[in-house]
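Scroll down for the structure; my scribbles are underneath it.
The values are calculated or read from the model by the stated rules, or taken from the named source; none is laboratory data. All values reported here derive from a predicted model rather than from experimental measurement. Cβ atoms come from the backbone with ideal geometry, glycine included; neighbour counts cover every protein chain shown.
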Amino acid sequence: MVILKAEYKLHPRISSDEYLEEIEKRNIQGTSRNAPGNIFYDFYLSADDPGSVILMSAWEDDEDILKYKESDSFASLSSVKDMMVRSSESYILSGGKNNEFSL
């Protein structure tokens, strides 16, 4: 199992609620949860920084992540990030052989 964490710093004019509304509107969370090999895919609001959103996801293996990164759902997430996120960092918290994963 591979567990990933992504931290998104939103543009100052974007609220975390607006970001999550856009994620919901595009059904990114739902389609990502249904991706082959996905174990969980959840967004969280930062308690310390109202301008940040955290994405936690887990996958059966590296191959499932690579397949997901070619999906329409990932393309939609990338589009939302381009519009609303000023910076992001991704971390592998557990497992995985590939250090190049970013969400």
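Of all the numbered requirements in (1) surrounded by fewer than 15 Cβ atoms within 10 Å (Cβ to Cβ); (2) more than 23 Å from Leu93 (Cβ to Cβ); (3) in contact (Cβ under 8 Å) with a residue 12 or more places away in the chain; (4) not hydrophobic (A, V, I, L, M, F, W, C), Glu60 misses one, and that requirement is (2). The residue that is farthest from the chain's Cα centre (by Cα), among those in the range 34-53 that are exposed (fewer than 15 other Cβ atoms within 10 Å of the Cβ) and modelled with pLDDT of 95 or more, is Pro36.
Mind listing whichever residues of the range 54-86 are more than 18 Å from His11 (Cα to Cα) and either part of a loop (DSSP other than H, G, I, E, B) or more than 12 Å from the chain's Cα centre (by Cα) (or both)? Trp59, Glu60, Asp61, Asp62, Glu63, Asp64, Leu66, Lys67, Lys69, Glu70, Ser71, Asp72, listed by residue number.
Checking Ile23, Ile28, Ile14, Ile65 one by one, the residue that is in contact with a strand residue (DSSP E or B) (Cβ under 6 Å, 6 or more places away or on another chain) and surrounded by 14 or more Cβ atoms within 10 Å (Cβ to Cβ) is Ile65 and no other.
Of all the numbered requirements in (1) touching a residue at least 40 places away in the same chain (Cβ under 8 Å); (2) farther than 15 Å from Ala6 by Cα, Lys25 misses one, and that requirement is (1). When we screen Lys67, Lys81, Lys25 for residues that are basic (Lys, Arg) and within 17 Å of Gly95 (Cβ to Cβ), the only hit is Lys67. Does Leu77 count as in contact with a strand residue (DSSP E or B) (Cβ under 8 Å, 6 or more places away or on another chain) and of a type in the set (A, V, I, L, M, F, W, C)? In short, no. The set of residues in the range 38-57 being in contact with a helix residue (DSSP H, G or I) (Cβ under 7 Å, 6 or more places away or on another chain), within 21 Å of Leu93 (Cα to Cα) and free of Cβ contacts under 8 Å to residues at least 40 places away in the same chain consists of Asn38, Tyr41, Phe43, Leu45.
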